[in-house]
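The structure under discussion appears below in the form of structure tokens.
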Amino acid sequence: MKYDLVVVGGGPAGLAAALKAHQEGLEDILIIERDTVLGGILNQCIHNGFGVHKFKEELTGPEYSQKYIDKILNTNIQVQTDTMVLHVTKEKELHVISASQGYQVIYAKAVVLAMGCRERTRGAINIPGTRPAGVFTAGTAQRFINLEGYMPGKNVVILGSGDIGLIMARRMTLEGAKVNCVLELMPYSNGLTRNIVQCLDDYNIPLKLSHSVVKIHGKNRLEGVTIAQVDKQLKPISETEIYIPCDTLLLSIGLIPENELTRECGIELDIRTKGATVDQNRETSITGIFSCGNVLHVHDLVDYVSEEGEIAAIGAVNYIKSNKKSKKEFAYTVPMEGISYIVPQKINIGDQDKTNIYLRVNKVYEQCVISGYINNSKIYTKKYTKLTPGEMVSFNIDKGKLSLSEQDQIKFKIEEE
Amino acid sequence: MVDVAIIGAGVVGCSIARELSKYSITVSVIEKDSDVSNGTSKANSGIVHGGYDSKFGTLKGSLCVQGNSMFKDLNDQLHFGFNKCGSFVLAFSSDDMVELHHLYENGKKNGIKNLEIVDREFVLKKEPNINQEVVGALYCADAGVISPWEYAIAMAENAALNGVSFLLNNKVTSIAKKENHFTIQTDKNTINTRYIINCAGLYSDEISNMVGVNRFKIRPRKGEYILFDKEYSGLTNSILFQTPNNGSKGVLVTPTYHGNMMIGPNAEYICDKEDTSTTSQGLATLQHKVQKTLKSIDYSKAITQFSGLRAATDTYDFIIEESQVKQFINVGAIDSPGLTSSPAIAVMVSKLLLNAGLKLKKDHTFNPNLTPIIKVNELNIHDKNKLIKKDPRYGRVICRCESMTQGEIVEALHRPIPATTLDAVKRRARAGAGRCQGGFCSPRVMEIINEELDLPVLDINKSEDKSNILIDKTKKSMEVHL
Ligand SMILES: Cc1cc2nc3c(=O)[nH]c(=O)nc-3n(C[C@H](O)[C@H](O)[C@H](O)COP(=O)(O)OP(=O)(O)OC[C@H]3O[C@@H](n4cnc5c(N)ncnc54)[C@H](O)[C@@H]3O)c2cc1C
Ligand SMILES: Cc1cc2nc3c(=O)[nH]c(=O)nc-3n(C[C@H](O)[C@H](O)[C@H](O)COP(=O)(O)OP(=O)(O)OC[C@H]3O[C@@H](n4cnc5c(N)ncnc54)[C@H](O)[C@@H]3O)c2cc1C
């Protein structure tokens, strides 16, 4: 089986990529999704707040993705759900398995990787104690409540103030559970400010910054957790330990881009984003393979996910249409003081003018500027009243104006105003 | 009345059950938990040891080497998976080298064939990523790794198919000695038996006490572990021990049978036989000590931490004997290398039974082979497609981390010792054993359990009774159902 473009993952990134590629005139497009339905993680996000930038209205997750799905179903884009991609090769062969078609090898001219991310688990942060039932990642609990109709518990502690944790604090409260508190290791929350207000403050749920769970108790079902304040080095202060009885611990401690396929394929990864290293077209180190959405770097707003899907689609379409395999020349973006990562990591200087930059800062900054330098000369600057690690910063730079040459480094940093 | 009742379904009880199923006798295994291999046998290093460090002249010394030599055939018959990856005891000083020679001599006396002292180059060629300060090692090509619970389950299933009955969820509470038999009382049943084999692990002392034999006391000794994402697989290839010194064994690094890197264990005496919690001190100790072998490890790549309890005694050897109470056989204090020794222990126990007067006539219907759960991953494309065509459930991936299909999970629910809990499914079909630790697949696995076993979703346990995953329906879904 052969396609021009195969999109791996039918979440918002993959949907936007497929639709855009179609709009750009590509004919032979296949979306492969392992779930039985399209929509990705949005299917379980039944709360409001999606699409404020893109559609200028507040939609629920399913409403947002349905806008794309409806359009896609009106095109000749092929969709194969309930199908898992097992391997992607450098030669752009995709090995997939499904109940209906068995094991197939699919050949593509270009591939867009849009596999999304998974949640970090208890293991990744080494919480000692017993291993009872009742410890869930927030997304799993969200799935149980919103999609399966079951309550994972009634007396809850939430560790991590990422958006999913905040949203679940409200959701569990509305379902009649008691949410004791939300604990956050850092001295600031990683969640969106609007979520802190709407999900915690409005329900009088305390947010304890600089706190963590230091022990899990209970043999069969969770019975309680010991929590403690942490010092500047994030080490628990034992005098501050308190025991909170609870039957449920939700973890909202970060998302990890789901890059097993990418890594196995031999695509270069960025240790900062844990996603592929890409240029401004979201092309990876293997030509013709593109990456976008949460698999590339974790986004907080789905609007940017869709936007990035479209960028990758245009890249893929141009790749398929142009036969020239000329050598590419790159300049690089470099995160300096205050910046935790930048996407894209490199800029193909033989290509289009506008480059969209996404970056995140490493802590909370107020009244600051983000500046970009090439060889000590300032090429970009913008003022911000407040920047937090939880809210991605996005802006464009005009490559034409920069006259970038090969191997140039554009260094971005946070400066005082 | 049965001929033999085996108390405890860890690797030892399951091995004995399988060995005894070769004879025309009636055997029952009594286990307090909801699954076999749910105690120490599920939380250990999973190593089939060479047998050089168990002291010559002890039961451990001889049974470990014997046991090791039996694993290849057992795996050919039962297909639980055995990776003979070899082991190194790494030396980092001349003192260490002296100690290695002691181990070597001891190993030779124990009868190990493939054992040699190797130089730095040999080690680094096989293990290029370890601490370059290594000076030499003791290499044992016969050591390997298994998944301990898959081994125990396979033994139990083969025993079950050959006629052994398993009474799970039955905790032995008392034993009465009658004239020619025993009456075992569990929290649910009464079992009359002519012989008893006590292999109750941490509780083997208490079971022994039930017939008035106060021969030994178990002091639980905890060992903690950290298990890593498969991203780390290939960083090391063999089992890597550190040279023991001053009574301390150091921390080992090993691949698991399924290819995850694992580090551990420490050794702490504790009081509570149920306390399998991990501790911040314990985990910190591992992280500190392992640096000798691997200089830097990224702990954010850890996927789980766990601990197991050794059934230690102050005699430091296994206790395998007919007790003063005739026809009551103690198989106690089976700490490390109990996993390796288990098939040899089983043979030894059958001889003890014979000596104690039980007639062991070969059962000619005994079938030594077990058909394992189909592993879709291991089939070639042609066979995969043939299988999926016949049964599409083998094409639907449920556990994405370990690529386990619906077909494999359904099989796990209908095996000779069927899985009924999430943990039991995980131990048979690996769903939930991967990097997301069931975050993604547990709702789906629960759906499958619900459909296949007709078990209400709210009653599905993680492991033991009252470890239910969900506690209620949501308000909305209740409205729908009203
Ligand atoms: C709980 C939660 C709450 C959020 N709340 C908000 C909010 O309020 N407002 C907002 O704007 N944004 C929110 N977001 C962010 C936004 O929804 C996500 O950033 C967005 O869904 C990411 O889209 P994606 O397509 O990259 O990934 P996903 O939505 O995760 O989609 C990836 C898809 O790829 C499929 N896939 C993965 N691997 C394979 C494979 N090997 N084979 C086949 N298919 C595969 C997956 O099944 C999945 O369907 C939230 C996110 C989460 C997780
Ligand atoms: C940290 C650690 C690392 C180890 N590493 C290795 C290794 O690498 N290689 C190796 O060879 N060995 C190793 N061992 C040793 C090995 O794990 C044990 O020797 C082996 O698992 C013991 O098996 P068992 O069947 O005797 O005990 P268990 O697995 O504990 O089984 C005993 C069973 O008895 C049941 N039971 C108890 N009381 C009752 C009752 N009243 N009624 C009914 N049932 C009851 C329990 O529920 C349990 O299932 C290690 C041990 C530990 C702790």
Q. For a paramagnetic label modelled at 7 Å from the Cα of B:L235 toward its Cβ, which residues of the range A:253-276 fall within the zone defined by backbone nitrogen distances under 16 Å?
A. A:271
**Q.** Apportionment of accessible area to carbon and sulfur, chain A, percent (1.4 Å)
**A.** 48 percent
Q: Would you work out the charge dipole size for the range A:328-417 about its Cα centre, treating the Cβ of every Lys and Arg as +1 and the Cβ of every Asp and Glu as -1, and quote it to the nearest 20 debye?
A: 120 debye
Q) In whole percent, how big is the carbon plus sulfur part of the accessible area of the range B:376-459, probe 1.4 Å, protein atoms only? A) 48 percent
Q: Express in whole angstrom the spacing between the alpha-carbon centres of the range B:253-302 and the range A:356-417.
A: 42 Å
Q.
Springs between alpha-carbon pairs under 10 angstrom, Gaussian network model over chain A: which of A:F330, A:F395, A:F50 fluctuates most?
A. A:F395
Q: Could you work out, residue by residue across B:431-441, how many beta carbons of other chains sit within 10 Å of that residue's beta carbon, and then give the average as an integer?
A: 5
Q.
Only protein chains counted, 1.4 angstrom probe. Which residues of the range A:93-130 are at least 50 Å² less accessible in the assembly than when their chain is isolated?
A. A:I97, A:A99, A:Y103, A:R118, A:T121, A:G123, A:N126, A:P128
Q. Roughly how many Å² is the accessible area per residue of chain A, as a whole number, for a 1.4 Å probe?
A. 40 Å²
Q) How much of B:E378 can a 1.4 Å solvent probe reach, expressed as accessible area in Å² and rounded to 10? A) 140 Å²
Q.
Taking a ≥ b ≥ c as the square roots of the Cα gyration tensor eigenvalues, with a/c under 1.5 meaning rounded and otherwise prolate when a/b beats b/c, else oblate, which class fits chain A?
A. oblate
Q | Protein accessible surface hidden between A and B, which excludes ligands and nucleic acids, total in Å², probe 1.4 Å | A | 4300 Å²
Q: Return the carbon/sulfur percentage of the accessible area of the range B:84-143, one whole number, probe 1.4 Å, all protein chains in place.
A: 50 percent
Q. Shape of the range B:303-378 from its Cα gyration tensor (a ≥ b ≥ c, root eigenvalues): rounded if a/c is under 1.5, otherwise prolate when a/b > b/c, or oblate?
A. oblate
Q: Please state the charge dipole magnitude for the range A:121-253, taken about the Cα centre, from unit charges on C-beta atoms (+1 on K and R, -1 on D and E), reported in debye and rounded to the nearest 20.
A: 280 debye
Q) Is the range A:121-253 rounded, prolate or oblate when judged by the Cα gyration tensor, a ≥ b ≥ c being the square roots of its eigenvalues, rounded requiring a/c under 1.5 and prolate requiring a/b larger than b/c? A) oblate
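How big is the dipole moment of chain A about its Cα centre under a simple scheme where the beta carbon of each Lys and Arg is +1, that of each Asp and Glu is -1, and everything else is neutral? Debye, nearest 20, please.
520 debye
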Q: Compare the peptides B:326-334, B:468-476, B:80-88 by average per-residue count of other Cβ atoms within 10 angstrom and give them in order, highest first.
A: B:326-334, B:80-88, B:468-476
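The values are calculated or read from the model by the stated rules, or taken from the named source; none is laboratory data. Computed from a predicted structure; not experimentally measured. We place every Cβ from the backbone using ideal geometry, glycine too, and count neighbours over all the protein chains shown. Surface areas here come from the heavy atoms of the whole protein model, side chains and all, with no ligands, DNA or RNA. Shrake-Rupley method; radii C 1.70, N 1.55, O 1.52, S 1.80 Å.
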